[in-house]
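This report concerns only the one structure given below.
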Amino acid sequence: MGKMFKLIKNEIIKLLKRKSLLVMLLVIAFVAVGAAVLFNYNREIDETSSDEYLVGKWKKEIEDLERFFAPDHYLDNAYADNSTRGKQYRNRSEMLQFLVDNHYSPYDWRYTSGLIQAMFDHKLQMDMNYNYEHHKSEYDRLKALADSDDWKTYYRELAENAEENYLYLHPIAEAEVKDAAWFEYEYRTQNDFRPGEEPWRDQLIESVVSSKISLAYFAQEEYERTHLEYTPPLGRDPAMEKPDLTLKQVAENRKSVADKLAVATYRLEHNVKTDVGSVFGEVPVLSGGKVSPFWECFATSSEFILAIGVLVIIVAGQIVASEFSSGTIKFLLVNPVKRWKIVIAKYVTVILLSVVFTLLLYIASALASLAFFGADALGDVIVRVENGVAWGISPYLAILGNYGWAFVEVLVIATMAFAISSLLRSTAISIGVGLFVYLSGTAIVEVLATFGIDFGRYLLFANMDLPAIVKNVAVFPNQTLPEAIILLTGHMVVFLLTAWDGFVRREI
């Protein structure tokens with residue numbers, strides 16, 4: 001075993017002395033940076049959620065509303081000013097102008113909570129001379145809350161009103177109703193989370209509240225179905241109703257809402273701004289928010305494993321064939337070491353270098369993504385849920401897992417190139433043949449699949465995309481993971497036997 005380690009060490013030292021290794025490292029860095037540059041160039045920048053864009057929409061709506069009162073409008077000005085419709089338009093225009101003049105953000109709590117809307121609802125009633133004094137008093141009270149920035153008082157009022165309304169709708173689910181009504185106020189005041197400062201947190205709080213309300217509804221529905229005589233909603237034919245099926249649907253919907261509640265609660269408790277599961281093809285139970293381009297770019301980097309395959313073919317094509325083409329094989333065999341140990345040492349060296357190259361691409365891609373898109377999203381996670389229990393998974397591990405799947409291809413290609421190198425004993429020919437097979441193999445398999453030539457499913461390149469096989473989107477239908485693993489293993493055994501025969505049994 002000691003001699004084997006020494007042989008591997010010698011092979012690694014020989015590789016490190018080659019100038020081509022430095023070129024390969026530069027190629028890996030270039031691929032990582034180039035992928036980030038390409039992604040940044042092609043990505044679409046969404047500005048529809050920015051303050052400037054949304055305030056611009058307010059201003060545009062003001063202009064559109066003001067046209068209603070323009071002298072050349074098809075309705076006369078008296079109708080525009082005095083009709084209910086005209087007063088509603090005027091009220092809407094005044095509210096938007098109020099927001100713009102006071103420099104309110106579209107995410108300001110006074111706007112998102114409905115306080116400003118409630119103010120101008122009272123103002124509309126004042127303009128229509130309906131119970132003027134009452135609405136004037138309410139308008140002044142709400143405006144005082146807005147001017148003083150007293151969000152705690154207003155959110156307490158919202159909770160009190162919500163509890164009253166929810167209990168009226170769902171009297172049986174009293175505990176669920178109170179929990180839903182008071183959650184936002186208690187969460188914000190206990191943690192001192194001011195509304196509007198973190199829109200993603202506001203959305204999660206809204207999801208928690210809506211989920212709790214839905215659970216209260218399901219509790220009320222289940223009680224009525226099991227304890228009361230069921231009366232179908234107006235307009236439905238009682239003969240068409242299936243209470244047992246409806247109860248089953250209620251239970252399924254309740255489970256779905258409970259999962260959403262678990263995800264939203266987990267993200268709030270762990271300060272998870274974004275669920276990046278969508279980057280990996282997952283459909284989040286709860287909308288994950290806008291995923292940072294850092295993760296989108298980093299996650300796609302595993303697709304550039306093709307570059308590692310090319311570099312590994314070059315290394316494997318040289319490591320044996322160069323010994324013959326340069327004549328150093330005779331000096332190598334002078335040592336009292338069996339040939340099979342030499343071939344194993346060279347093969348292990350190729351595999352170790354493949355692992356190093358793959359990890360370097362992973363690290364270089366992370367650094368390139370970080371350089372282009374910043375570090376704001378480094379704490380994001382993938383949130384998964386089952387039976388109402390949510391947990392987080394690191395995207396770094398998920399991306400590393402993608403590299404692991406892709407490395408299977410590198411491993412098989414490295415073994416193939418090693419066998420070609422041992423068989424042909426010419427560096428240039430070994431590398432050329434290896435690259436030709438690697439770059440054309442997938443295309444050949446796709447052609448066979450297109451023409452329905454089914455034996456193509458047993459070829460090497462039809463079985464290397466294991467994630468596609470797992471998702472049942474491989475080039476040939478009904479391919480399975482066990483079948484692919486068996487075929488890849490069989491190919492690798494043939495390659496290793498070929499390499500062993502070419503180096504150990506053939507004459508030098």
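The values are calculated or read from the model by the stated rules, or taken from the named source; none is laboratory data. Just so it is clear, the structure is predicted and the values come from calculations on it, not from any experiment. Methodologically, a virtual Cβ is constructed for each residue, glycine included, from the backbone with ideal geometry; neighbour enumeration extends over all protein chains shown.
Regarding Ile205, is this residue of a type in the set (A, V, I, L, M, F, W, C), under 20 Å from Lys152 (Cα atoms), crowded, with 17+ Cβ neighbours inside 10 Å and at pLDDT 70 or above?
yes
Check off (1) surrounded by fewer than 19 Cβ atoms within 10 Å (Cβ to Cβ); (2) over 19 Å from Lys273 (Cβ atoms) for Trp200 and give me the number that stays unchecked.
With (1) surrounded by fewer than 19 Cβ atoms within 10 Å (Cβ to Cβ); (2) over 19 Å from Lys273 (Cβ atoms) applied to Trp200, the lone miss is (2).
Pick from the stretch 4-26 the residues that are assigned to a helix (DSSP H, G or I) and charged (D, E, K, R): which of them is nearest to Lys346 (Cα to Cα)?
Glu11
Select from the stretch 261-282 the residues that are assigned to a helix (DSSP H, G or I) and within 8 Å of the chain's Cα centre (by Cα) and write down the one among them that is modelled with the highest pLDDT.
Among residues in the stretch 261-282 that are assigned to a helix (DSSP H, G or I) and within 8 Å of the chain's Cα centre (by Cα), the one modelled with the highest pLDDT is Val276.
Considering each of Val504, Val475, Val493 in turn, give the residue that is within 28 Å of Thr450 (Cα to Cα) and not hydroxyl-bearing (Ser, Thr, Tyr).
Within the list Val504, Val475, Val493, the selection yields Val475.
Could you count how many residues in the stretch 166-186 are under 18 Å from Ser113 (Cβ atoms) and modelled with pLDDT of 80 or more?
So the count comes out to 7.
Every residue in the stretch 251-309 that is surrounded by fewer than 21 Cβ atoms within 10 Å (Cβ to Cβ), among the polar types (S, T, N, Q), more than 12 Å from Ser207 (Cβ to Cβ) and not assigned by TED's automatic domain parsing to the domain that holds Ala398, please.
Across the stretch 251-309, the qualifying residues are Asn253, Ser256, Asn271, Ser278.
Those residues that are closer than 30 Å to Val310 by Cα and either among the aliphatic types (A, V, I, L, M) or modelled with pLDDT under 70 (or both), I need them from the stretch 27-79; list them, please.
Within the stretch 27-79, Val27, Ile28, Ala29, Val31, Ala32, Val33, Ala35, Ala36, Val37, Leu38 meet the criteria.
Among the residues of the stretch 127-147, is any within 16 Å of Glu184 (Cα to Cα), modelled with pLDDT under 95, surrounded by 15 or more Cβ atoms within 10 Å (Cβ to Cβ) and out of contact with any Gly (no Cβ under 8 Å at 6 or more places or on another chain)?
Scanning the stretch 127-147, I find no residue that is within 16 Å of Glu184 (Cα to Cα), modelled with pLDDT under 95, surrounded by 15 or more Cβ atoms within 10 Å (Cβ to Cβ) and out of contact with any Gly (no Cβ under 8 Å at 6 or more places or on another chain), so the answer is no.
Which condition from (1) closer than 23 Å to Lys60 by Cα; (2) not in a loop (DSSP other than H, G, I, E, B) is the one that Pro106 breaks?
Here Pro106 meets the rest and fails (2).
Within the stretch 398-407, does at least one residue satisfy the condition of being in the same structural domain as Ser322 (by TED's automatic domain parsing) and under 20 Å from Thr349 (Cβ atoms)?
yes
Farther than 30 Å from Trp58 by Cβ and either within 32 Å of the chain's Cα centre (by Cα) or not β-branched (Val, Ile, Thr) (or both): does that describe Ala144?
No.
What number of residues within the stretch 448-480 are surrounded by 13 or more Cβ atoms within 10 Å (Cβ to Cβ) and assigned to a helix (DSSP H, G or I)?
13
Give Glu174, Glu138 a once-over and let me know the one that is in the same structural domain as His122 (by TED's automatic domain parsing) and touching a His at 6+ places or on another chain (Cβ under 9 Å).
Glu138
What pairs come up if the first residue lies in the stretch 145-162 and is more than 23 Å from Asn102 (Cβ to Cβ), the second is assigned to a helix (DSSP H, G or I) and aromatic (Phe, Trp, Tyr), and their beta carbons are under 7 Å apart, counting only those six or more places apart or on different chains?
As it stands, the answer is Arg156/Tyr185; Ala159/Trp182; Ala159/Tyr185, since those pairs meet every condition given.
Quick one: count up the residues across the stretch 134-171 that are of a type in the set (A, V, I, L, M, F, W, C) and over 19 Å from Tyr104 (Cβ atoms).
Total satisfying the criteria: 4.
Which of the residues belonging to the stretch 340-383 are among the β-branched types (Val, Ile, Thr) and either touching a residue at least 60 places away in the same chain (Cβ under 8 Å) or surrounded by 18 or more Cβ atoms within 10 Å (Cβ to Cβ) (or both)?
Within the stretch 340-383, Ile342, Val343, Ile344, Val348, Thr349, Val350, Ile351, Thr358, Val381, Ile382, Val383 qualify.
Would you please list the contacts, defined by Cβ atoms under 6 Å and residues six or more apart or on different chains, that run from a residue in the stretch 420-446 that is more than 11 Å from Ser322 (Cα to Cα) to a residue that is modelled with pLDDT of 85 or more and aromatic (Phe, Trp, Tyr)?
Gly441/Phe461; Thr442/Phe461; Val445/Phe461
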